[in-house]
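J.: Before I ask anything, here is the structure I am working with.
The values are calculated or read from the model by the stated rules, or taken from the named source; none is laboratory data. Note that the structure is a prediction, hence the values are computed from the model and not measured. Cβ placement follows ideal geometry from the backbone for every residue including glycine, while neighbour counts extend to all protein chains displayed.
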Amino acid sequence: MLYLSEVLMEGHALESFKELCQAVSEKGKAGEMFFRIDVKPPFTDTPENWEEQLEAAFTSAY
């Protein structure tokens, strides 16, 4: 199971929500089967529908 908090902790170089979406997509492509959103991204460009966008980034890997 992939937790959003893990992606954020591993991705110290992430500077935007767009980069976070790319990182989540890469984790999905790497074989993670499930994704849990357990924190809100701290980026200033995080949109209101951020949960939907992260889910879409994760599932687009399949």
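J.: Go through segment 1-18 and give me each residue that's under 15 Å from Thr46 (Cβ atoms) and of a type in the set (D, E, K, R). Reasoning before the result, please.
T.: Step one: list which residues in segment 1-18 are under 15 Å from Thr46 (Cβ atoms), which gives 4-5, 7-8, 11, 14-18.
Correct list: Glu15, Lys18.
J.: In segment 47-55, is there at least one residue being touching a helix residue (DSSP H, G or I) at 6+ places or on another chain (Cβ under 8 Å) and either hydroxyl-bearing (Ser, Thr, Tyr) or modelled with pLDDT under 95 (or both)? If you could, list the steps in order and put the result at the bottom.
T.: Step one: of segment 47-55, the residues touching a helix residue (DSSP H, G or I) at 6+ places or on another chain (Cβ under 8 Å) are 47, 50, 53-54.
Imposing the further condition that a residue be either hydroxyl-bearing (Ser, Thr, Tyr) or modelled with pLDDT under 95 (or both) reduces the set to none.
Looking for residues that are touching a helix residue (DSSP H, G or I) at 6+ places or on another chain (Cβ under 8 Å) and either hydroxyl-bearing (Ser, Thr, Tyr) or modelled with pLDDT under 95 (or both), one finds none in segment 47-55, hence no.
J.: Within the group Phe58, Phe43, which residue is touching a residue at least 24 places away in the same chain (Cβ under 8 Å) and within 13 Å of Tyr3 (Cα to Cα)? First the steps, then the outcome.
T.: On the way: Phe43 fails: within 13 Å of Tyr3 (Cα to Cα).
The conditions single out Phe58.
J.: To continue, here is another question. State which residue pairs qualify: first residue assigned to a helix (DSSP H, G or I) and inside segment 18-33, second residue β-branched (Val, Ile, Thr) in any location, beta carbons under 8 Å apart, and separation of 6 or more residues or different chains.
T.: So the pair list comes out as Leu20/Val7; Ala23/Val7; Val24/Val7; Lys27/Val7; Gly28/Thr59.
J.: Collect the residues in segment 17-31 that are modelled with pLDDT of 95 or more, loosely packed, with under 15 Cβ neighbours inside 10 Å and either over 11 Å from the mean Cα position of the chain (by Cα) or of a type in the set (Phe, Trp, Tyr) (or both), keeping them in residue-number order.
T.: Once the filter is applied, which keeps residues that are modelled with pLDDT of 95 or more, loosely packed, with under 15 Cβ neighbours inside 10 Å and either over 11 Å from the mean Cα position of the chain (by Cα) or of a type in the set (Phe, Trp, Tyr) (or both), segment 17-31 yields nothing.
J.: Taking into account only those residues within segment 22-40 that are of a type in the set (A, V, I, L, M) and in contact with a helix residue (DSSP H, G or I) (Cβ under 9 Å, 6 or more places away or on another chain), which is nearest to Met1 (Cα to Cα)?
T.: Applying the first criterion (of a type in the set (A, V, I, L, M)) to segment 22-40 yields 23-24, 30, 33, 37, 39.
Next, only the ones that are in contact with a helix residue (DSSP H, G or I) (Cβ under 9 Å, 6 or more places away or on another chain) stay: 23-24, 37, 39.
On the way: Ala23: 15, Val24: 12, Ile37: 11, Val39: 15 Å.
Selected residue: Ile37.
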